[in-house]
Structures are given as C-alpha cells and as structure tokens.
C-alpha cells in the first residue's frame, strides 16, 4: 500500500464524518447529526476507505462498528481535527492582536449538537477569550456552509 498521502483527496468532511460514525455507531444517526442524508454518510465513508485502501467499519443491522483499522485511525483523526481547531484559534488570536477593535466571531452549529456541546465549549472559550464577541447561529448543514 502506498503510504504517501500528500496527493490524496482526504478532506475535513471525511474526518468529521468518520469521527461522528465512530462516536454514534450508526450511519443514520450520523446523517441526522450532520444534517445530511444517510447515503451521503455512506459515500463519504466509502471515499475514505477507498483512499486508504482499508475498511474502517463493519456495517450491519447493529450499525457501524469500527474495524481494527478504524480503531487504530480514530485517535489520529481526532488529533487532526483538534489540531486544525487549535490552528484556527491561534490564527484568530493573532488576528485579534493586530486589530484595535474587539474581535467578533460567528459560530455556526447544528441544532442537534448545540444544546449538548456548545454550552461547555463556550464556557471554556469565554475563560480564554472574554473580550471576543460571539454570535451563534443554528441551522442545517447546508445553510451553515453557505
């Protein structure tokens, strides 16, 4: 297997979808959570499996269970997403230092996760960046991406 992934087609949506399927154990629940169709989830996971040349999930009536390879990949995918978020935070902090005015940050979040994930995340955010003005928007995945 070719291990040079510099020219692969892996995108953030692949990691996001993979991690949600791993967490929820269901393509349908993942689709609901991400406000996309189950076939879009299946296609995204299929693309990722094709890119890596391994099956990441065993799919069946009981849902989607990570394979050995899926379990090995999960912490790295999670670290990748966390690192990207850290990079965005660092970029925003740097940009804020360059401005004379208060930084305003819009946040788009799916309604399915807003009530669970957002309050603790905002509490941590507010401790680190109390001067940042936050605007929270909830809508479908398609609307938020626009």
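Of these, 145, 110, 118, which one is under 20 Å from residue 12 (Cβ atoms), touching a residue at least 40 places away in the same chain (Cβ under 8 Å) and not assigned by TED's automatic domain parsing to the domain that holds residue 27?
110
Quick one: which residue in 56, 24, 92, 84 is surrounded by fewer than 15 Cβ atoms within 10 Å (Cβ to Cβ), touching a strand residue (DSSP E or B) at 6+ places or on another chain (Cβ under 9 Å) and under 29 Å from residue 142 (Cβ atoms)?
Working: 56 fails: surrounded by fewer than 15 Cβ atoms within 10 Å (Cβ to Cβ); 24 fails: surrounded by fewer than 15 Cβ atoms within 10 Å (Cβ to Cβ); 84 fails: touching a strand residue (DSSP E or B) at 6+ places or on another chain (Cβ under 9 Å).
After ruling out the rest, the residue left standing is 92.
For residue 116, work out the one condition from (1) loosely packed, with under 10 Cβ neighbours inside 10 Å; (2) at pLDDT 85 or above; (3) closer than 20 Å to residue 17 by Cα it doesn't fulfil.
Among (1) loosely packed, with under 10 Cβ neighbours inside 10 Å; (2) at pLDDT 85 or above; (3) closer than 20 Å to residue 17 by Cα, residue 116 violates only (2).
For the stretch 9-20, state whether one or more residues are touching a strand residue (DSSP E or B) at 6+ places or on another chain (Cβ under 9 Å) and under 30 Å from residue 125 (Cβ atoms).
yes
Of all residues in the stretch 27-51, how many are over 14 Å from the mean Cα position of the chain (by Cα) and not in a helix (DSSP H, G or I)?
1
Before we move on, is residue 68 loosely packed, with under 14 Cβ neighbours inside 10 Å, at pLDDT 90 or above and either in contact with a strand residue (DSSP E or B) (Cβ under 8 Å, 6 or more places away or on another chain) or farther than 30 Å from residue 132 by Cβ (or both)?
Here the answer is yes, as residue 68 does meet what is asked.
The values are calculated or read from the model by the stated rules, or taken from the named source; none is laboratory data. This one's a predicted model, so the numbers in the text were calculated from it and none came from an experiment. Every residue, glycine among them, receives a Cβ derived from its backbone with ideal geometry; neighbour counts consider all protein chains shown.
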